[in-house]
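Working notes for the structure below.
The values are calculated or read from the model by the stated rules, or taken from the named source; none is laboratory data. None of these values were measured; they are calculated from a predicted model. Cβ: placed from backbone, ideal geometry, glycine included. Neighbour counts: every protein chain shown.
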Amino acid sequence: MELVLTLVGPDPAQAATAAGRASSALAAVGAGVKAPTPLGDGALDIPVIAAPADVRARVEEALADVAVDACLQPAAGRRKRLLIADMDSTIINVECIDELADFAGVKAQVSEITERAMRGELDFEGALKARVAMLKGLPLADLQRAYDERVRLNPGARTLVRTMTAHGAKAFLVSGGFNFFTRRVAEAAGFDANRANTLIEADGVLAGRVGEPILGREAKLAALKEEAANLGIPLSQTLAVGDGANDLAMIEAAGLGVAYRAKPIVAAQADAKVDHADLTALLYFQGYRADQFVTD
């Protein structure tokens, strides 16, 4: 089987250094390595043939101190037809519930629970209910204020979504957060549709409750499977990206599961990590060249 190693970093010089190190490490264990193919500034493909079973570990060891993200996968079928993306701290820069908690004066308490839940230390549904309860009485106007003042697309997010959809893929935003935000973020980034939880309102304020059933880890996995079935494609043709423990099931099930600035429990299980580059790394991982990106 022919593999391809994609290296992406914010610094082209670092990417070139990484390419040399990776090629040498692979050649040292008898892997066949072809000449790199540039994809864009700081991004390149290295075709790999006859690789040993531990090839990924060899690459990770060689690149441990280089600010470059690496993805090793089969060369065939790398361009995906479905993107399922988490929202908070993945497509956008914040955890929306933490920002709402800031307006409610309980950010420290809520953020601590959020962090533990994302690390997989707490049951997601219970943690969400506990945090939403602390928001009881928050004026609905503060939701729009949080979106306007705090929420920003992460670098490369719109380019990732727009490029994939322009080339025939479908893109879905699936969040354990709230549909007030996913509706707006999906429109801003260009997603085809979105799924999320609903904050219950009463008399112009939050009631401190979230609608049932709660969309969490298993619901995200179900969304991946349902949307793939709707398109008539196998899971091998899907891409999932997220950062927290509630993203892990969909990341493990997808054809390419990517951990973006992720918690250790997620990074350890994902097919690839993005710790240094922006979200356009997911396009490079699929073999897109920079001149194919949709940047409007």
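Okay, residues lined up against (1) in contact (Cβ under 8 Å) with a residue 60 or more places away in the chain; (2) surrounded by 22 or more Cβ atoms within 10 Å (Cβ to Cβ); (3) not hydroxyl-bearing (Ser, Thr, Tyr):
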{"site": "Ile97", "(1), (2), (3)": "yes, yes, yes"}
{"site": "Leu122", "(1), (2), (3)": "no, no, yes"}
{"site": "Leu140", "(1), (2), (3)": "yes, no, yes"}
{"site": "Gln144", "(1), (2), (3)": "no, no, yes"}
Q) Any residue in the stretch 268-281 that is modelled with pLDDT under 95 and either out of contact with any Asp or Glu (no Cβ under 7 Å at 6 or more places or on another chain) or on the phi > 0 side of the Ramachandran plot (or both)? A) yes
Q. From Glu125, Glu112, Glu99, which residue is of a type in the set (Asp, Glu) and under 23 Å from Leu221 (Cα atoms)?
A. Glu125
Q.
If a residue must be of a type outside the set (Val, Ile, Thr), farther than 16 Å from Leu72 by Cβ and in a helix (DSSP H, G or I), how many such residues does the stretch 249-279 contain?
A. 5
Q) Here is a list of conditions, (1) of a type outside the set (Asp, Glu); (2) on the phi > 0 side of the Ramachandran plot; (3) surrounded by fewer than 20 Cβ atoms within 10 Å (Cβ to Cβ); (4) not in a loop (DSSP other than H, G, I, E, B), and Arg56 meets all of them except one; can you say which number that is? A) (2)
Q) What single numbered condition from (1) in the same structural domain as Ala262 (by TED's automatic domain parsing); (2) part of a helix (DSSP H, G or I) fails to hold for Leu143? A) (1)
Q: From Ser111, Ser175, grab the single residue that is surrounded by 14 or more Cβ atoms within 10 Å (Cβ to Cβ), touching a helix residue (DSSP H, G or I) at 6+ places or on another chain (Cβ under 6 Å) and either at pLDDT below 95 or assigned by TED's automatic domain parsing to the domain that holds Thr280 (or both).
A: Ser175
Q) Do you know which of the residues in the stretch 20-49 that are in contact with a strand residue (DSSP E or B) (Cβ under 9 Å, 6 or more places away or on another chain) and charged (D, E, K, R) is surrounded by the fewest Cβ atoms within 10 Å (Cβ to Cβ)? A) Lys34
Q) Which number in (1) buried (at least 21 other Cβ atoms within 10 Å of the Cβ); (2) of a type outside the set (Lys, Arg); (3) not in a helix (DSSP H, G or I) marks the one condition that Pro213 misses? A) (1)
Q.
I'd like to know if the stretch 189-208 contains one or more residues that are assigned to a helix (DSSP H, G or I) and either in contact (Cβ under 8 Å) with a residue 40 or more places away in the chain or farther than 17 Å from Leu282 by Cβ (or both).
A. yes
**Q.** Qualifying positions in the stretch 271-287 - within 11 Å of the chain's Cα centre (by Cα) and closer than 19 Å to Ser236 by Cβ
**A.** Ala272, Leu282
(Q) For the structure I just gave you, tell me whether Val68 is under 25 Å from Gln286 (Cβ atoms), under 20 Å from the mean Cα position of the chain (by Cα) and outside the structural domain of Asp291 (by TED's automatic domain parsing). (A) yes
